[in-house]
Amino acid sequence: MRQDIVPLCAADIHDQLKKRFAYLSGGRGQDGSPVITFPDYPAFSEIPDQEFQNVMTYLTGIPSLQDAGIGFILVIDRRQDKWSSVKASVLRIAASFPANLQLVLVLRPVGFFQRTLSDIAFRFSRDDFKMKVPVIMLSSVPELHGYIDKSQLTEDLGGTLDYCHSRWLCHRTAIESFALMVKQTAQRLQSFGTELAETELPNDVQSTGSVLRAHTEKKDKAKGDLQLALKEGHSILESIREPLAEAAAHSVNQDQLDNQATVQRLLAQLNETEAAFDEFWAKHQQKLEQCLQLRHFEQGFREVTATLDAVTHKMATFTDVGNSLAHVEHLLKDLANFEEKSRAAVDRARALALEGGRLIEHRHYAVDSILPKCQELRHLCDQFASEIGRRRALLNKSLELHGLLETTMRWCDEGIFLLASQPVDKCQSQDGAEAALREIEKFLETGTENKLQELSAIYKEYEAILNQDLMAHVQKVLQKQASTQEMFHRRQASLKKLAARQTRPVQPVAPRPEALANKSSCPAPGGWRGPESSSPEGGPLRRGPYRRAKSEVSESRQGRGSCTGDEEESLAVLRRHVMNELLDTERAYVEELLCVLEGYAAEMENPLMAHLLSPGLLSKKGVLFGNMEEIYHFHNRVFLRELENYTDCPELVGRCFLERMEEFQIYEKYCQNKPRSESLWRQCSDCPFFQECQRKLDHKLSLDSYLLKPVQRVTKYQLLLKEMLKYSKHCEGAEDLQEALSSILGILKAVNDSMHLIAITGYDGNLSELGRLLMQGSFSVWTDHKRGHTKVKELARFKPMQRHLFLHEKAVLFCKKREENGEGYEKAPSYSYKQSLNMAAVGITENVKGDSKKFEIWYNAREEVYIVQAPTPEIKAAWVTEIRKVLTSQLQACREASQHRALEQSQSLPLPAPSSTSPSRGSTKNVKKLEERKTDPLSLEGYVGSSLPKAPEKGQASPTSPDKKAKRHEVKSDPTPFGLRGWSKTSHSLEAPEDDGGWSSAEELVNSSDAEDDGGLGPRKLVPGKYTVTADSEKGGPGTLAVKGGDVVEVVEEGAEGLWFVRDLTSGAEGWVPAGSLSGLLRKAGSAQCLSSSESSPGSAALSNSSSCSEGCHAAFSDLQG
């Protein structure tokens, strides 16, 4: 029966146990048998069999196996029941009880009838119970006390045992839940321990750290569950011990003692499990932490060795020993900077080696892997320190040698300067010669400590650093030293002769210094003058007023030749000084740029410095520093290295500037950005970031001083070039120096112009489309314009306008200068755009009567006239010359376009008739030109706007009469514009200009037409009369007359701007028609002839040429304006 019963928990049958039809009070029989009490329960017969069996199984499973083995005592209380119920209950219990029974005690009913009935019935039905143990019927509770002691019975059976069914049920539920918790906790800890034991150690830092964190989280969770179980167990134990504290009032039953022992046993089991787990975790954690330390060490080892390898590779490139004292000092500084930058890697390597040693001391499990790496790190650090020391020793040796060479060179230069500074006239006297000798001897005494040793001694002492270039330099210095000594010896010999000579009564006259014009060129760069350089053939002697003996003349000539050579040597020394200054300042400039880029610009992207940056500086690195990095790379990688190649031939340094002149355009970009940089600096100059960077760099000046360095440097070049040119006027590279100086000045001008150009406001177009900026400046401007057809002049303003003019290749801009308030670049002026004139329609009048500083710029055939007054006549001349150059270049472009078009037309048209005056040929050409003009968007008619003159009335003077041409300033110039109105002079046939001050590019084409007239080529000029129109014309603009083929028209007279007034006799209309159109549209009325008669040929020729040139001009300038 027991094998079929499944162990149950109180929680599973809580409701069944709560009915209390049977309970285990904890009482014991005399032999320790557990007592199960069946209290009076009227509905006992209604309890389902499964519930009854579950309760019996659970109750019999609570006592220990030892107590259960003795057997259970059942106390069945049926005092208030009937005999039939008693019998049924006993039979049901006997049939379903799952454990051993020792005794069954039944309290039979107390009623007389039921008691009598039970006595009789029990005797006859004893065998029906089928129990192996005795069933004793008891009549009263005292009889029960004879079998079971009162202390083991509950109060309802007359005993003193303290029992509360609800408390018992709560305790049982808690104990069983706690036991299950302990079991589950132990299982989880065991499973977690297995997982930890089977975990493989990762091979990288990240994975090892992740494993350690994951295992730590799981351990903390397991420990939390364990602590929760312990807390629960102690709580249950306290609730069980409460009745034990009241043992004096109530007797303690065995079941309570068993429950307490059970909880204590479970708590002890938990404590043992926790201790074992903690020990295991400590070992596992130590292993993981050591593994993480090892992975960190290995990762650091890889990084450090890679860095040290890169440092060692960089160290291998430090093979240069320098070619000058400054270069060696620069190399030593570079080596010190390199050592300083590499110190972090070396220090990290040494620290990593110490860390590995500490791991070994703490008995790391991977000692065999850590120890070799520590040894390798120490070896790399020692090797680096040794190599740095070796390189420094070599450079110090080179510094010593170059110092000696520089000292010797300086001694030679000072000696040459001494010889050059001795006045020749003073040396002619005996006292002067003796003084010069003493001065020379005193100087030669300093040569002991300033001169080089023997060449063999230098080889022996500096063998480690002597390369081919350095050997050549040593030999050159030795050669110069020997040459200098020889010069001194010659000078001493000459002076000794002068000092020993007896003074004659005739006073000698010192010759005047000769110019250096007889020299063909300077000595070869880097070469030193030998004995032959001071030959007596040095130059002609200028005689004084007194005659001298032949010997005196010869000695004077010898002294003069020596003086000329000395002057050249002194110039060479001065050139060398200028070159040294150029190189020294260039190196300092490069160092300052690098310092700014590394100390400020790079730090703006350093995350560790990000907290010091103000919001206004974020993403503003390009604004603050401009293209300084581009400037640095150009000077450091290119220009400085090329300058060093001219150390020995400074007079040729102009070539270096010319070869790199295009790269100097980068300064224009930097200067254009300077106002934005200056503005940003003013907003953020008090930012802690700049203060921290300045502190790290140990700079006395703030960043804005260094941002000004590029502007100062590009200005410094022209000063140095001027100095070099002053001392190299008769040398080979003088022309290159002059050209380099001009180019640098041009760059400075372009930079200055661009600074003004970017200050223009209000211009809607793209300034770059106007071509290169040629000139800019401020002027006083008056206006004198015509309006529409009336030719009514606008009254000239008495007070001039102040305008700043910008002359571009394609336009001239008029702006108003506005001064700005502020500091630095913010104080620079701005320019408000007012208007612009297209250079294709501009003409100039160079001279305005009454003022040599004024000139005229006129537009569209003097529709708009601007009288411009320059500050000085020189500025006016410069502007007029530059404008003339622009107009000349446009004229040349127009000529080429016209010739090209004429060539295309000659190839596309049919061959002309043999006669040059054929009417059909002239008509055909004119018709074809008209057709081309109709399809050409840039043809003449499309540009004749509202500026056409009014029709002449009777009695009114011609538009070109002298009284209409008078101006306020009495300017007499050609009114023909350049470009849009055509090239020809339409007033040419009426009157010649009185003055040649007016100038436009049209004049050249008129002269070309005149040349054709002189040669008798082409038709002649158009004359008034009646004509028949041969083809339709296209209306050119408002006020112009459009005629149709077949109409009869009357040509009245010629007006200004290349127009003729025409009346259409067929339609009655009248108006102005461009002269270029008439030559191809008209023929004499009533005749088949074209404009080829002798009377009209010249005018026609001029018209034809004007038309073609106008078309060519528009074709050429369509590209320029596009």
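The values are calculated or read from the model by the stated rules, or taken from the named source; none is laboratory data. Values in this document were obtained by computation on a predicted structure and should not be read as measured data. Please note: Cβ atoms are built from the backbone with ideal geometry, for glycine as well, and neighbour counts cover all protein chains shown. With ligands, DNA and RNA removed, areas are computed over all heavy atoms of the protein, side chains included. Shrake-Rupley method; radii C 1.70, N 1.55, O 1.52, S 1.80 Å.
Suppose we keep only residues that are within 20 Å of Gln254 (Cα to Cα) and of a type in the set (Asp, Glu) within segment 136-190. Which one would you say is nearest to the chain's Cα centre (by Cα)?
Top of the filtered list is Glu176.
Residues Lys333, Lys341: which one is part of a helix (DSSP H, G or I), among the basic types (Lys, Arg) and closer than 30 Å to Gln293 by Cα? Reasoning before the result, please.
Numbers: Lys333 fails: closer than 30 Å to Gln293 by Cα.
Going through Lys333, Lys341 in turn, the sole match is Lys341.
Give the number of residues within segment 408-422 that are touching a residue at least 40 places away in the same chain (Cβ under 8 Å), of a type outside the set (Lys, Arg) and open to solvent by 40 Å² or more (accessible area, probe 1.4 Å).
So the count comes out to 2.
Select, from His379, His362, the only residue that is modelled with pLDDT under 90, open to solvent by 60 Å² or more (accessible area, probe 1.4 Å) and either out of contact with any Asp or Glu (no Cβ under 8 Å at 6 or more places or on another chain) or under 30 Å from Glu449 (Cα atoms) (or both).
Working: His379 fails: modelled with pLDDT under 90.
Answer to the check: His362.
Given the residues Leu701, Leu707, which is the only one that is buried (at least 20 other Cβ atoms within 10 Å of the Cβ) and under 28 Å from Arg637 (Cα atoms)?
Working: Leu701 fails: buried (at least 20 other Cβ atoms within 10 Å of the Cβ).
On inspection, the qualifying residue turns out to be Leu707.
Looking at (1) more than 23 Å from Thr317 (Cβ to Cβ); (2) free of Cβ contacts under 8 Å to residues at least 60 places away in the same chain; (3) more than 37 Å from the chain's Cα centre (by Cα), which one does Arg390 not meet, given that it meets all the others?
Of (1) more than 23 Å from Thr317 (Cβ to Cβ); (2) free of Cβ contacts under 8 Å to residues at least 60 places away in the same chain; (3) more than 37 Å from the chain's Cα centre (by Cα), only one is false for Arg390: (1).
Listed residues Ser679, Ser705; which is small (Gly, Ala, Ser), within 30 Å of Leu807 (Cβ to Cβ), assigned to a helix (DSSP H, G or I) and out of contact with any Gly (no Cβ under 8 Å at 6 or more places or on another chain)? Spell out how you get there, then give the answer.
Working: Ser705 fails: within 30 Å of Leu807 (Cβ to Cβ).
Sole residue among the options that is small (Gly, Ala, Ser), within 30 Å of Leu807 (Cβ to Cβ), assigned to a helix (DSSP H, G or I) and out of contact with any Gly (no Cβ under 8 Å at 6 or more places or on another chain): Ser679.
Looking at (1) surrounded by 13 or more Cβ atoms within 10 Å (Cβ to Cβ); (2) under 13 Å from Phe301 (Cα atoms); (3) modelled with pLDDT of 90 or more, which is the only condition Ser369 fails?
So Ser369 meets the others, but not (3).
List the number of the failed condition for Gln30; all other conditions in (1) without any contact (Cβ under 8 Å) to a residue 12 or more places away in the chain; (2) among the polar types (S, T, N, Q); (3) assigned to a loop (DSSP other than H, G, I, E, B) hold.
Condition not satisfied by Gln30: (1).
Take the residues in segment 618-632 that are crowded, with 19+ Cβ neighbours inside 10 Å and either among the hydrophobic types (A, V, I, L, M, F, W, C) or out of contact with any helix residue (DSSP H, G or I) (no Cβ under 9 Å at 6 or more places or on another chain) (or both), then tell me which one is nearest to Asn645 (Cα to Cα).
Taking the candidates together, the pick is Ile631.
I'd like to verify a number: residues in segment 595-625 that are part of a helix (DSSP H, G or I) and either among the basic types (Lys, Arg) or touching a residue at least 60 places away in the same chain (Cβ under 8 Å) (or both), how many? Lay out the reasoning, then the answer.
Residues of segment 595-625 that are part of a helix (DSSP H, G or I), as a first pass: 595-605, 607-612, 615-617, 621-625.
With either among the basic types (Lys, Arg) or touching a residue at least 60 places away in the same chain (Cβ under 8 Å) (or both) added as a condition, the list becomes 595-596, 599-600, 603-604, 609, 612, 616-617, 621, 624-625.
Counting residues in segment 595-625 that are part of a helix (DSSP H, G or I) and either among the basic types (Lys, Arg) or touching a residue at least 60 places away in the same chain (Cβ under 8 Å) (or both) gives 13.
Okay, residues lined up against (1) open to solvent by 50 Å² or more (accessible area, probe 1.4 Å); (2) under 22 Å from the mean Cα position of the chain (by Cα):
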| position | (1), (2) |
| --- | --- |
| Lys674 | no, yes |
| Ser679 | no, yes |
| Gln683 | yes, yes |
| Leu725 | no, no |
| Glu739 | yes, no |
| Ser743 | no, no |
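Right, Ala310: open to solvent by less than 50 Å² (accessible area, probe 1.4 Å) and either under 30 Å from Gly403 (Cα atoms) or in a helix (DSSP H, G or I) (or both) or not?
On the way: open to solvent by less than 50 Å² (accessible area, probe 1.4 Å): no; either under 30 Å from Gly403 (Cα atoms) or in a helix (DSSP H, G or I) (or both): yes.
Against the criterion (open to solvent by less than 50 Å² (accessible area, probe 1.4 Å) and either under 30 Å from Gly403 (Cα atoms) or in a helix (DSSP H, G or I) (or both)), Ala310 does not qualify.
Pairs please, first residue from segment 460-486 and over 18 Å from Asn396 (Cα atoms), second anywhere and part of a helix (DSSP H, G or I) and of a type in the set (Val, Ile, Thr), Cβ atoms under 9 Å, 6+ apart in sequence or on different chains.
Val477/Thr408; Leu478/Thr408; Leu478/Ile458; Lys480/Thr408; Gln481/Thr408; Thr484/Ile416
How many of the residues making up segment 153-180 are outside any loop (DSSP other than H, G, I, E, B) and surrounded by 19 or more Cβ atoms within 10 Å (Cβ to Cβ)?
Looking only at segment 153-180, we keep the residues that are outside any loop (DSSP other than H, G, I, E, B), and these are 154-157, 161, 165-180.
Among the residues that remain, those that are also surrounded by 19 or more Cβ atoms within 10 Å (Cβ to Cβ) are: 154, 157, 161, 168, 171-172, 174-175, 178.
The total comes to 9.
Going by the conditions given, is Asp128 among the acidic types (Asp, Glu), modelled with pLDDT of 85 or more and more than 60 Å from the chain's Cα centre (by Cα)? I'd like the intermediate steps shown before the answer.
Working: among the acidic types (Asp, Glu): yes; modelled with pLDDT of 85 or more: no; more than 60 Å from the chain's Cα centre (by Cα): yes.
Against the criterion (among the acidic types (Asp, Glu), modelled with pLDDT of 85 or more and more than 60 Å from the chain's Cα centre (by Cα)), Asp128 does not qualify.
Go through segment 657-676 and give me each residue that's in a loop (DSSP other than H, G, I, E, B) and either aromatic (Phe, Trp, Tyr) or free of Cβ contacts under 8 Å to residues at least 40 places away in the same chain (or both). I'd like the intermediate steps shown before the answer.
Residues of segment 657-676 in a loop (DSSP other than H, G, I, E, B): 660-662.
Result: Arg660, Glu662.
Mind listing whichever residues of segment 46-94 are open to solvent by 20 Å² or more (accessible area, probe 1.4 Å), more than 17 Å from Pro134 (Cβ to Cβ) and small (Gly, Ala, Ser)?
Gly61, Ser64, Gly69, Ser84, Ser85, Ala88
Given the conditions (1) open to solvent by 60 Å² or more (accessible area, probe 1.4 Å); (2) in a helix (DSSP H, G or I); (3) of a type in the set (Ser, Thr, Tyr), and given that Thr319 satisfies all but one, which numbered condition is not satisfied?
Here Thr319 meets the rest and fails (2).
For the condition in contact with a Phe, Trp or Tyr (Cβ under 7 Å, 6 or more places away or on another chain), surrounded by 15 or more Cβ atoms within 10 Å (Cβ to Cβ) and not aromatic (Phe, Trp, Tyr), what is the one hit in Leu331, Leu288, Leu294, Leu335?
Values: Leu331 fails: in contact with a Phe, Trp or Tyr (Cβ under 7 Å, 6 or more places away or on another chain); Leu288 fails: in contact with a Phe, Trp or Tyr (Cβ under 7 Å, 6 or more places away or on another chain); Leu294 fails: in contact with a Phe, Trp or Tyr (Cβ under 7 Å, 6 or more places away or on another chain).
Sole residue among the options that is in contact with a Phe, Trp or Tyr (Cβ under 7 Å, 6 or more places away or on another chain), surrounded by 15 or more Cβ atoms within 10 Å (Cβ to Cβ) and not aromatic (Phe, Trp, Tyr): Leu335.
Outside any helix (DSSP H, G or I), open to solvent by 40 Å² or more (accessible area, probe 1.4 Å) and of a type in the set (Val, Ile, Thr), is that true of Val110? Talk me through it step by step, then tell me what you get.
Working: outside any helix (DSSP H, G or I): yes; open to solvent by 40 Å² or more (accessible area, probe 1.4 Å): yes; of a type in the set (Val, Ile, Thr): yes.
So Val110 passes the test.
Only one of (1) assigned to a helix (DSSP H, G or I); (2) open to solvent by 40 Å² or more (accessible area, probe 1.4 Å); (3) within 30 Å of Phe338 (Cβ to Cβ) is not met by Val304, so which one is it?
(2)
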